[in-house]
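Structure first, commentary second.
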Ligand code: SF4
Ligand code: SF4
């Protein structure tokens, strides 16, 4: 049975903090290829049961990186000049880094992405559990564990698959 309540997941992330520190240590020493294959299998099963349109929590809570090419594409789609697009939506940091200038993302409308075909690479990839080298991305995975029901449920099912001992809560 999956847990999909964002409130419950956020609370469980706090109570499982110590357990997750131990689980990260366990994963760092595990067979990374086996873990990749298990995570990808669990991800396929969990993703099929979670409706991102009902959730939308990544679009409501994450900072989104934007590349020059992505900004060009989306500005053209919105029939804006780059300078109009940049001043409305972007914040520019050092070394050419660009971020969306508001959280939640302004393109989230009625919990759906209003620019879906033109969304950014980071949006397409998130939560990224289909990617290899899961054990090399544990910082990022656990940073988002308390906000993304897909990550939360895959990690919890991974613990069950390897019979990882839970701490009493
Ligand atoms: S561009 Fe679309 S998918 Fe990406 S954060 Fe904004 S609303 Fe979400
Ligand atoms: S990817 Fe995760 S946080 Fe984003 S909408 Fe789907 S379940 Fe929610």
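The values are calculated or read from the model by the stated rules, or taken from the named source; none is laboratory data. Predicted model only: the values in this text are computed from it and were never measured. Note: ideal-geometry Cβ built from the backbone for every residue, glycine included; neighbour counts use all protein chains shown.
Quick look at the values:
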{"quantity": "From the options 90, 74, 108, 99, residue that is surrounded by 15 or more Cβ atoms within 10 Å (Cβ to Cβ), outside the structural domain of residue 34 (by TED's automatic domain parsing) and within 16 Å of ligand 2 (Cβ to nearest atom)", "calculated": "108"}
{"quantity": "The lone exception for residue 64 - which of (1) surrounded by fewer than 15 Cβ atoms within 10 Å (Cβ to Cβ); (2) within 26 Å of residue 141 (Cα to Cα) it fails", "calculated": "(1)"}
{"quantity": "Residue satisfying condition, being more than 13 Å from ligand 2 (Cβ to nearest atom) and in contact (Cβ under 8 Å) with a residue 40 or more places away in the chain, within set 134, 152, 139, 126", "calculated": "134"}
{"quantity": "Residue count for the range 1-43, restricted to those that are more than 15 Å from residue 148 (Cα to Cα) and either free of Cβ contacts under 8 Å to residues at least 12 places away in the same chain or touching a strand residue (DSSP E or B) at 6+ places or on another chain (Cβ under 7 Å) (or both)", "calculated": "10"}
{"quantity": "Filter result for residue 69 (more than 10 Å from ligand 2 (Cβ to nearest atom), assigned by TED's automatic domain parsing to the domain that holds residue 117 and more than 21 Å from residue 130 (Cα to Cα))", "calculated": "yes"}
{"quantity": "Checklist (1) loosely packed, with under 14 Cβ neighbours inside 10 Å; (2) within 16 Å of ligand 1 (Cβ to nearest atom) applied to residue 133, failing item", "calculated": "(2)"}
{"quantity": "Residue tally, condition within 11 Å of residue 157 (Cα to Cα) and crowded, with 18+ Cβ neighbours inside 10 Å, over the range 39-56", "calculated": "4"}
{"quantity": "In the range 91-148, residue farthest from residue 52 (Cα to Cα) [restricted to those that are touching a strand residue (DSSP E or B) at 6+ places or on another chain (Cβ under 9 Å) and assigned to a helix (DSSP H, G or I)]", "calculated": "121"}
